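So the structure is just underneath, and the comments pick up after that.
The values are calculated or read from the model by the stated rules, or taken from the named source; none is laboratory data. This one's a predicted model, so the numbers in the text were calculated from it and none came from an experiment. So basically every Cβ, Gly included, is an ideal-geometry build from the backbone, and we count neighbours across all protein chains shown. Only protein heavy atoms, including side chains, enter the accessible area calculation; ligands, DNA and RNA are left aside. Shrake-Rupley method; radii C 1.70, N 1.55, O 1.52, S 1.80 Å.
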Amino acid sequence: MKVTVIGVAGGTGSGKSTLVGRLVDAFGDNVATLCHDFYYKSQDALSMEERTQLNYDHPNAFDTDMMVEHLRQLKNGESIKHPVYSFVEHNRTDEWVEVKPSRVIIVDGILIFENKELRDMMDIKVFVDTDADLRLARRMLRDVCERGRTMDSVINQYVTTVKPMHEEFVEPSKRYADVIVPEGGFNSVALSMLIENIRSLIAENK
């Protein structure tokens, strides 16, 4: 079975998850997904206070080698078990989730284009490009409502690590994209074109 790997990158709050959701809806049972966020490194040796001070927007925060190996296994027709990360505890849990191989694998994350080995495994690289103010607003709503964060902590993290790391790593990685989609899954025209492009690629890979 020839596997098509689609990478979806972009800044925090850009609309990557919405775009991935639309692609999953379009291709149904033929899709498996891997999120780079699953692969944040375990920080069992640190206290909760110490974990909150870490820079989670730097490439070193991720176990990307594990993600690369898992993607390689999926492409070879093998099932994998990825770790589960808690954004409330800022640490991995004891749980693992099984992912079975599929015709289409969607990989998403803010820094997936920064790593060459991971990037080279992708057939289509999509960058979701969204205005910084809108991304910040979405991040604030998500982190406060879903992750129990305070407004002050979200803003402080954005200023000290999120924005600088976006400028240093995420934005420059846009040059590797095959397709740039403004507003992600909310851009229905670009989404329709992307879906047709993926269908054509899948047909070629049969």
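Check whether at least one residue in region 36-43 is in contact with a Leu (Cβ under 9 Å, 6 or more places away or on another chain), assigned to a loop (DSSP other than H, G, I, E, B) and open to solvent by less than 60 Å² (accessible area, probe 1.4 Å), and report yes or no.
Looking through region 36-43, at least one residue is in contact with a Leu (Cβ under 9 Å, 6 or more places away or on another chain), assigned to a loop (DSSP other than H, G, I, E, B) and open to solvent by less than 60 Å² (accessible area, probe 1.4 Å).
Looking at region 159-181, is at least one residue surrounded by 13 or more Cβ atoms within 10 Å (Cβ to Cβ), in a loop (DSSP other than H, G, I, E, B) and within 18 Å of the chain's Cα centre (by Cα)? Reasoning before the result, please.
Here is the first cut: in region 159-181, the ones surrounded by 13 or more Cβ atoms within 10 Å (Cβ to Cβ) are 160-166, 168-171, 173-174, 176-181.
Now drop any that are not in a loop (DSSP other than H, G, I, E, B), which leaves 177-178.
From what's left, within 18 Å of the chain's Cα centre (by Cα): 177-178.
Yes; the residues of region 159-181 include at least one that is surrounded by 13 or more Cβ atoms within 10 Å (Cβ to Cβ), in a loop (DSSP other than H, G, I, E, B) and within 18 Å of the chain's Cα centre (by Cα).
Filtering region 1-31 down to residues that are open to solvent by less than 10 Å² (accessible area, probe 1.4 Å) and among the aliphatic types (A, V, I, L, M), which residue is farthest from Leu136 (Cα to Cα)?
Val3
Within region 24-31, is there a residue that is aliphatic (A, V, I, L, M), part of a strand (DSSP E or B) and in contact (Cβ under 8 Å) with a residue 12 or more places away in the chain?
Yes, region 24-31 has at least one match.
For region 44-96, give me the residue count where each residue is in a helix (DSSP H, G or I) and open to solvent by 30 Å² or more (accessible area, probe 1.4 Å).
Initially, region 44-96 is screened for residues in a helix (DSSP H, G or I), giving 48-52, 59-61, 64-75.
Pick out the ones that are also open to solvent by 30 Å² or more (accessible area, probe 1.4 Å) and you get 48-50, 52, 60, 65-66, 69, 72-73, 75.
The number of residues fulfilling the criteria is 11.
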